[in-house]
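Right, one structure below, let's go through it.
The values are calculated or read from the model by the stated rules, or taken from the named source; none is laboratory data. Everything numeric here is computed off the predicted structure, so don't read it as measured data. Quick reminder, even Gly has a Cβ in these numbers, built from the backbone with ideal geometry, and neighbours come from all protein chains shown.
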Amino acid sequence: MLGRVRLWAAIGRGVGLLPDRAAHGLVVRELNTWIRLEFLGVIARTGVADALHEPRSLGEIAEKTRISDVDLLGALLDLGVALREVRERRGRYSIRGRRLRAIADRSPDLRGMVEELIVYDNPIYTALESHLRGARPRPYDADHGAVIAAASRLAEPLLGPTLRTLAAELRPGTVLDIGCGSGIYLRHILDTARDASGVGIDLDAEAVAQAEDNLVELRLEGRCRVEQGNIEARARALGEFDLVLLLNNVYYWAPTERVEILKTLRQCVAPAGTLVVATALPDGQAFNRHLDMILRVTQNSHRLPTRDELRDDLRHAGFEHITLTEPIPRSGLAVAIAR
């Protein structure tokens, strides 16, 4: 048998032969972060996170989540134990980690983000080599509208206060949210402008259903309605609004089409009204670069606009007074206020 001292010495010599010991250590350390995010995405998407709100046995969790492969579920939960996200005592599993607790408590942005990693981002990175070699964009976002709408709320800590401040200054009577997603930004406006009414419109049926549920939960359904549709086709019928929102979705139109869609939106802005466009910018944070790349290979999505492009597009669409700001400097999130 190998002596422990001799074995450790041999391992030390082996590590010393690595071409770049520091890089090796960094990658190994960061591997746990990747595993944790993948675990959280799966456990959120399968409903296991919700089942862990109270201690349950493996069989009880499988029954509640309608999971048929109990052995595989056990392996997943044991991974959670190793990550210190899940606690196991006497055969019963419950929540331990702060990340898992936030997701199980339905923190929608975190839940959406980790689910998006599984259903949207991972397939893109798997196929990225083929795109680099000329493969055309694919509909990676198909049937994932609700997840993407929830993940987009990562910008809410910046956009929410920005919209509330703007609503307090403008006191709009009516508001239109184009690509409303979960409907959360309508809530920020309507909570501030108490006499206002709102309309949300989104192409995705899942997102519309999510927004309707959220508005009912927030007791705003009497002041707001949500419909599924295309703004290009519905702009004239919707009429004019004091405040029109285009948040985190201007990149669904090609750069060559953005001026025309902004001209269409002008039809929805009342004579003394305001258009607010918010978008990530293709610079600064690694997340912005990630998003820009993801959008480039997703069918019907396009690269992020630059500051100058956004300002010029609004000007060419006929808006004369344009203020472009970043709620937090170097955050990579731009808010354009146009009249």
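Yes or no, residue by residue, for (1) of a type in the set (A, V, I, L, M, F, W, C); (2) within 17 Å of the chain's Cα centre (by Cα):
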| site | (1), (2) |
| --- | --- |
| L100 | yes, no |
| Y120 | no, yes |
| A127 | yes, no |
| A149 | yes, yes |
| L154 | yes, yes |
| I178 | yes, yes |
Seminar exercise, completed: When (1) farther than 24 Å from Y120 by Cβ; (2) at pLDDT 95 or above are applied to L79, the one that fails is (1)
For this session: Could you grab the pairs with beta carbons closer than 6 Å, sequence gap of 6+ or different chains, first residue in the stretch 216-237 and assigned to a helix (DSSP H, G or I), second one polar (S, T, N, Q)?
Result: E232/T264; A235/T264; A235/Q267
Exercise. Which of the residues belonging to the stretch 323-333 are among the aliphatic types (A, V, I, L, M) and either in a loop (DSSP other than H, G, I, E, B) or in contact with a Lys or Arg (Cβ under 6 Å, 6 or more places away or on another chain) (or both)?
Worked result: L324, I328
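Which ones in the stretch 291-321 are of a type outside the set (A, V, I, L, M), free of Cβ contacts under 8 Å to residues at least 24 places away in the same chain and outside any loop (DSSP other than H, G, I, E, B)? Reasoning before the result, please.
In the first step, residues of the stretch 291-321 are kept if they are of a type outside the set (A, V, I, L, M); the result is 292, 296, 298-303, 305-309, 311-313, 315-316, 318-321.
Those left that are additionally free of Cβ contacts under 8 Å to residues at least 24 places away in the same chain: 292, 308, 312, 315, 320-321.
Once the filter is applied, which keeps residues that are of a type outside the set (A, V, I, L, M), free of Cβ contacts under 8 Å to residues at least 24 places away in the same chain and outside any loop (DSSP other than H, G, I, E, B), the stretch 291-321 yields D292, D308, D312, R315.
One line per residue, one yes/no per condition, for (1) under 24 Å from P137 (Cβ atoms); (2) buried (at least 21 other Cβ atoms within 10 Å of the Cβ); (3) at pLDDT 90 or above:
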{"site": "D177", "(1), (2), (3)": "no, yes, yes"}
{"site": "G183", "(1), (2), (3)": "no, yes, no"}
{"site": "S197", "(1), (2), (3)": "no, no, yes"}
{"site": "Q228", "(1), (2), (3)": "yes, no, yes"}
{"site": "E232", "(1), (2), (3)": "yes, no, yes"}
{"site": "L243", "(1), (2), (3)": "no, yes, yes"}
{"site": "E257", "(1), (2), (3)": "yes, no, yes"}
{"site": "K263", "(1), (2), (3)": "no, no, yes"}
{"site": "P271", "(1), (2), (3)": "no, no, yes"}
Exercise. If we scan the stretch 269-277, do we find a residue that is within 14 Å of I201 (Cα to Cα) and either assigned to a strand (DSSP E or B) or touching a strand residue (DSSP E or B) at 6+ places or on another chain (Cβ under 7 Å) (or both)?
Worked result: no
